[in-house]
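Participant: Just passing along the structure, written as structure tokens.
The values are calculated or read from the model by the stated rules, or taken from the named source; none is laboratory data. Just so we're clear, the structure is a prediction, and the values are computed from it rather than from any experiment. Here Cβ is always computed from backbone atoms with ideal geometry, including for glycine, and neighbour counts include all displayed protein chains. When the accessible area is computed, the model is the full protein with side chains, heavy atoms only, and any ligands, DNA or RNA have been set aside. Shrake-Rupley method; radii C 1.70, N 1.55, O 1.52, S 1.80 Å.
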Amino acid sequence: MKPISLAFALILFLYMGCRSEDVAKPETNADPMTEDPASYTYLALGDSYTIGHDVPEKDRYPVQLTDSLQSKGIVIEKLQIIARTGWTTDELSEAMDETELDAEYDLVTLLIGVNNQYRGRTTENYRSEFMALLTRAIKLAGGDPGKVIVLSIPDWGVTPFAQDRDREKIALEIDAYNLVNMQQSAKAGVHYVDVTPVSREAASRNELLASDGLHPSGLMYNDWMKSMFPLALQILSH
């Protein structure tokens, strides 16, 4: 047998080396490792407007907001609503004391005060109790005011329920209350969404009201949600 030439041996060595590298490479059609999408928690604080009195659960603005965020890939793992028809600021605070709350939420919304106005309480009383609630909301948002959204109080004076009442007086008092919550929100550095103008459209748009002729319909809540959505998306995207 003839000895292998040096040139042939070199070619054989290189060929075997290339084959070894080919074997060592991972398969290119393997599925890449993917992480589970992030999930978030949302706490909604309020009264009849937050619990969605006289509308289906799916039409409540916190639920509509949760669903809209889901459509953008933002998963709300836990939506907790602390709200009841008729609650004032102090009653909401008492309910929070009696409810098991997480140490921290990724998003907190607050809408409260219409029943303070309805019962004839002063704006000074409202200011102190609203600020206490806002302070708690910020604390529940991990101390970050940028994770809190305050909504203004709707004007119920335009509804059929108020037909025998002084609508102008109600409007002025609602505006005074909203001046308080807007000022305190700005001072605390939280987000603020003014839903009062659209609530006043119910004077000429019956479809914006629930069947009780007082509370918002799912359509009005959808308008509120659309105003809140960019802020909530920004908060949770960061």
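Participant: Hey, can you tell me all the residues within region 69-92 that are under 16 Å from LEU236 (Cβ atoms) and either outside any loop (DSSP other than H, G, I, E, B) or in contact with a Gly (Cβ under 8 Å, 6 or more places away or on another chain) (or both)?
Facilitator: Result: LEU69, GLN70, SER71, VAL75, ILE76, GLU77, LYS78, LEU79, GLN80.
Participant: I would also like to ask the following. Got a number for residues in region 93-115 being outside any loop (DSSP other than H, G, I, E, B) and either free of Cβ contacts under 8 Å to residues at least 24 places away in the same chain or within 28 Å of LEU233 (Cβ to Cβ) (or both)?
Facilitator: Going residue by residue through region 93-115, those that are outside any loop (DSSP other than H, G, I, E, B) are 93-97, 107-110, 114-115.
Now narrow it down to the ones that are either free of Cβ contacts under 8 Å to residues at least 24 places away in the same chain or within 28 Å of LEU233 (Cβ to Cβ) (or both): 94-97, 107-110, 114.
Of the residues in region 93-115, 9 are outside any loop (DSSP other than H, G, I, E, B) and either free of Cβ contacts under 8 Å to residues at least 24 places away in the same chain or within 28 Å of LEU233 (Cβ to Cβ) (or both).
Participant: I need the full set of residues from region 118-129 which are among the β-branched types (Val, Ile, Thr) and surrounded by 13 or more Cβ atoms within 10 Å (Cβ to Cβ), in order please.
Facilitator: Scanning region 118-129 gives a single hit, THR123.
Participant: Specify the residue that is most open to solvent (accessible area, probe 1.4 Å); the eligible residues are those in region 210-219 that are in contact with a Pro (Cβ under 8 Å, 6 or more places away or on another chain) and closer than 18 Å to SER152 by Cβ.
Facilitator: LEU214
Participant: Return the only residue of ARG127, ARG121 being of a type outside the set (Phe, Trp, Tyr), farther than 12 Å from LEU45 by Cα, assigned to a loop (DSSP other than H, G, I, E, B) and in contact (Cβ under 8 Å) with a residue 12 or more places away in the chain.
Facilitator: Criteria check complete, one pass: ARG121.
Participant: Can I ask one more? Only one of these is in a strand (DSSP E or B) and under 22 Å from ASN115 (Cβ atoms): TYR192, TYR221. Name it.
Facilitator: From the options TYR192, TYR221, the qualifying one is TYR192.
Participant: Given the conditions (1) open to solvent by 30 Å² or more (accessible area, probe 1.4 Å); (2) within 18 Å of the chain's Cα centre (by Cα), and given that SER152 satisfies all but one, which numbered condition is not satisfied?
Facilitator: Unmet for SER152, out of (1) open to solvent by 30 Å² or more (accessible area, probe 1.4 Å); (2) within 18 Å of the chain's Cα centre (by Cα): (1).
Participant: Moving on. Out of (1) within 17 Å of ILE235 (Cβ to Cβ); (2) outside any helix (DSSP H, G or I), the odd one out for ILE153 is which?
Facilitator: (1)
Participant: On to the next question. Could you please find all residues in region 93-117 being touching a Gly at 6+ places or on another chain (Cβ under 9 Å) and open to solvent by 20 Å² or more (accessible area, probe 1.4 Å)?
Facilitator: ALA103, GLU104, ASP106, ASN115
Participant: Restricting attention to region 156-200, and to residues there that are over 20 Å from SER48 (Cβ atoms) and more than 27 Å from the chain's Cα centre (by Cα), which single residue is least open to solvent (accessible area, probe 1.4 Å)?
Facilitator: ASP166
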